[in-house]
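Beneath this line is the structure, given in structure tokens, with notes to follow.
FYI, it's all coordinate maths here, none of it is from the lab. Keep in mind the model is a prediction, meaning the values are calculated, not measured. Virtual Cβ from ideal backbone geometry, glycine too; neighbours counted across all protein chains shown.
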Amino acid sequence: MTLALAVAALTAVGIWLVLRGGAVRLIVGFVLLGHAANLMLIAAGGTDRREAALTGQVEPALAADPLPQAFVLTAIVITFGLTVYLLWLAPRAEEAAGPGDWPPEGSP
């Protein structure tokens with residue numbers, strides 16, 4: 001239940017920050033959404049099963065599922081790449097818009 005509340009809180013705050021506008025809020029919002037996705041994937045793998053899967057001495061019903069863990073590693077890399085891209089893009093978007101003209105007119 002605690003994990004579900006953490007996912008809900010991170011998702012809500014992340015969406016709120018993305019919709020607020022501004023480069024820093026947008027970047028932090030996407031980072032929080034990435035963390036929420038990671039927690040959701042870990043929760044999907046079952047948080048009650050913690051035994052190592054590769055020892056050979058563990059009953060298969062008690063072993064942790066390695067697939068959600070692999071998904072989380074992939075999601076971490078994707079979130080990092082998106083964060084770096086947004087950090088690169090933010091100053092260039094403000095520069096293209098001109099001083100004092102951010103956000104550009106006509107943008108939703």
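Expected output is a single nm value to one decimal: the length gained when fully extending between R92 and W16, i.e. 0.36 nm times separation in residues minus the C-alpha distance. What is it?
Using 0.36 nm per residue and subtracting the Cα-Cα distance, I get 25.0 nm.
Listed by Cβ neighbour count within 10 Å, with the fewest neighbours leading, E95, E59 appear as E59, E95.
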